[in-house]
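What follows is a single structure, written as structure tokens, with notes after it.
Read-outs: derived from the displayed coordinates by stated rules, not from any lab. All of these numbers come straight from a predicted model, not from anything done at the bench. Please note: Cβ atoms are built from the backbone with ideal geometry, for glycine as well, and neighbour counts cover all protein chains shown.
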Amino acid sequence: MTNPCPTEAEGAGKRPLDAKSSGTPPASRRADGEDDRPSTSAATEPRSAWQLVFDRAYGPFFASKLVTSTAIWLTNVVSAILMYELTRSAIMVGAVSMAQFLPQTLLAPWAGALSDRHPRRAVLGASKLLTSGSLLTLAALIRFDGVEALAGGLLILVATAIIGVGLALANPAMQAIIPSLVSARDLPVAVALNSTTAAIARAVGPALGALLYAGLGPAAGYTVAAAGHVLFVITVLWIIHIPSVDAATERSVWAGLRYAWSHREMRALLLGVAVIGIVVDPVITLTPPLADALGASEVLVGVMASAFGIGSFLSITVFAAIRRRVGIAGVGATGFFLLASGNAVLVVIASPALSVLGMFIAGTGFLLATSSLTTRIQLIVPEQLRGRVMALWGVAFLGTRPFAAAVNGLVADVASLHVGFGLTAALALGAAVTLVRHTARTSTS
């Protein structure tokens with residue numbers, strides 16, 4: 001019987017999809033997913049990002065993923081501003097993040113197993129309908145009874161927790177279906193493109209949320225976000241075809257965890273993803289009090305978050321060049337250095353313009369680091385465990401957010417915003433140094 005949870009020796013550098021679709025022997029690939037051999041024909045060359053964007057299978061998924069990701073960031077900013085106006089507390093703003101991300105941590109193992117056992121399009125459809133229903137409920141309460149109906153922010157936390165459940169169910173399936181939409185040779189480009197949806201959403205969603213809040217109120221923001229999730233449901237259920245995959249032979253919820261724990265490279269990659277989740281939390285938790293400290297309106301909250309997203313998006317233009325020069329691991333180290341630099345700029349809290357610049361720099365580092373680590377994870381994970389391992393990706397990236405949000409809010413309230421951004425910069429710098437040392441050891445071994 002084939003072992004569905006290979007050990008480190010068995011799993012390192014293993015890509016079942018390559019063996020099936022590209023014919024590339026596993027031994028010819030390094031553990032980071034790079035192919036040591038030169039291409040022998042144009043047929044083996046991966047398609048460009050633009051070609052994938054207009055692909056009939058991947059293109060609609062990319063567009064609808066962009067819309068639903070934008071809706072998430074729109075919701076995050078609207079809820080953060082509304083909670084801060086109701087309570088004037090950074091801790092309560094952090095509680096909103098905790099309410100959204102805690103379910104994604106607790107439910108991730110079951111959600112990953114669900115995406116390995118059942119049709120992923122059905123899982124995605126049900127989860128997004130749950131999310132949109134919660135948003136429409138909030139919008140209706142505010143529209144007909146005013147913000148007083150939110151019980152001092154308590155109902156924001158309840159609705160956000162339900163949204164978190166919907167996101168918990170969607171996240172593993174969202175990540176796991178990517179290899180089924182493209183060929184093995186196009187997977188690295190598809191993974192990088194998938195990261196750009198978050199980058200663009202970070203640029204558009206916060207600004208749109210802040211503008212809707214300032215111009216039409218929070219109910220309008222929640223309604224627009226709900227519509228975005230419904231559009232995604234329509235796309236995955238009726239517009240694109242998501243091929244079915246064989247049900248996992250190992251049905252245990254914990255099979256992915258056993259695999260990741262036994263695979264040294266996977267452990268290191270997931271730890272790096274967790275660090276990214278921690279160092280990007282200030283984009284949501286600390287921007288409302290930062291704007292307040294600068295004497296600016298809530299519009300600056302959206303502008304700073306959008307600057308983060310714009311930086312992420314523009315980093316796509318240098319991703320390939322950096323990868324050619326320093327390798328995929330070097331891309332990750334570069335990203336962490338930029339995350340540290342951006343947070344170091346924010347420590348100053350000198351002006352709105354400087355704060356926007358700091359967010360832009362941090363956003364550039366975010367996409368480089370995330371694309372590097374996530375690409376390497378997708379390249380080595382076995383297909384029959386993909387949903388459960390990508391659920392662990394969600395735990396690493398999102399599960400750290402409740403802790404980070406609570407700590408950042410507490411530090412900002414008890415100490416200062418300077419200390420909060422400074423601690424984040426130090427953590428990102430430590431991760432960058434660690435990656436550089438690991439890359440140096442690997443290249444000399």
Inter-site label distance for Arg267 and Ala140 at 7 Å from Cα along Cβ, in nm
5.0
Of Leu423, Val189, Thr334, farthest towards positive along the dipole that unit charges on Lys, Arg, Asp, Glu beta carbons give the chain
Val189
Let me check against my output: what whole-number percent is the relative contact order of the chain, with C-alpha pairs under 8 Å and at least 6 apart?
27
D (Stokes-Einstein, µm²/s), Kirkwood Cα radius, region 344-403, 1.002 mPa s at 20 °C:
155
What's the magnitude of the charge dipole for the chain around its Cα centre, counting Lys and Arg as +1 and Asp and Glu as -1 at the beta-carbon? Answer in Debye, nearest 20.
940
Would you mind getting the Kirkwood hydrodynamic radius of region 178-273 from its Cα pairs, rounded to one decimal in Å?
17.3
Could you put Tyr213, Tyr58, Tyr222 in order, starting from the residue whose Cβ has the fewest other Cβ atoms within 10 Å?
Tyr58, Tyr213, Tyr222
Over the Cα atoms of region 236-357, Rg to Rh with Kirkwood Rh, two decimal places?
1.10
Between Val158 and Val433, what length comes free when the chain is fully extended (0.36 nm per residue of separation minus the Cα-Cα distance, one decimal in nm)?
95.0 nm
Per-residue Cβ neighbour rank within 10 angstrom, fewest leading, Val204, Val419
Val419, Val204
To the nearest 20 debye, what is the magnitude of the charge dipole of region 157-300 about its Cα centre, counting +1 on the Cβ of each Lys and Arg and -1 on the Cβ of each Asp and Glu?
300
C-alpha center-to-center spacing [region 368-425, region 200-235] in angstrom:
24
With no solvent and one equal point scatterer per Cα, compute the Debye intensity ratio I(q)/I(0) for region 317-441 at 0.15 Å⁻¹ and report its log10, rounded to two decimals.
-0.79
Dimensions in Å of region 177-225 - Rg and Dmax from alpha carbons:
16.0, 46
Largest first and in whole Å, give the semi-axes of region 315-384's equivalent ellipsoid, each being the square root of 5 times a Cα gyration tensor eigenvalue.
28, 12, 9
Mean Kyte hydropathy of 1.0 or more with a Cα span along the axis of at least 18 Å, helices from DSSP in the chain
90-106, 154-176, 187-215, 218-234, 264-279, 299-314, 316-348, 352-380
Is there a quick way to get the dipole size of region 300-445? I mean about its Cα centre, with the Cβ of Lys and Arg at +1 and of Asp and Glu at -1; what is the value in debye to the nearest 20?
540
A correct fewest-to-most ranking of His263, His118 by other Cβ atoms within 10 Å would be His118, His263
Reduced to Cα centres, the span from region 292-344 to region 165-195 in Å works out to 22
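Using only the Cα atoms of the chain, what semi-axes does the equivalent ellipsoid have when each is the square root of 5 times a gyration tensor eigenvalue? Give whole Å, largest first.
Working from the Cα gyration tensor, I get semi-axes of 35, 25, 19 Å.
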Selected from Asn408, Val93, Leu231, residue furthest toward positive end of dipole (the chain; charges at beta carbon):
Leu231
Would you please put 129-140, 104-115 in order of how densely packed they are, using the mean number of other Cβ atoms within 10 angstrom per residue and starting with the highest?
104-115, 129-140
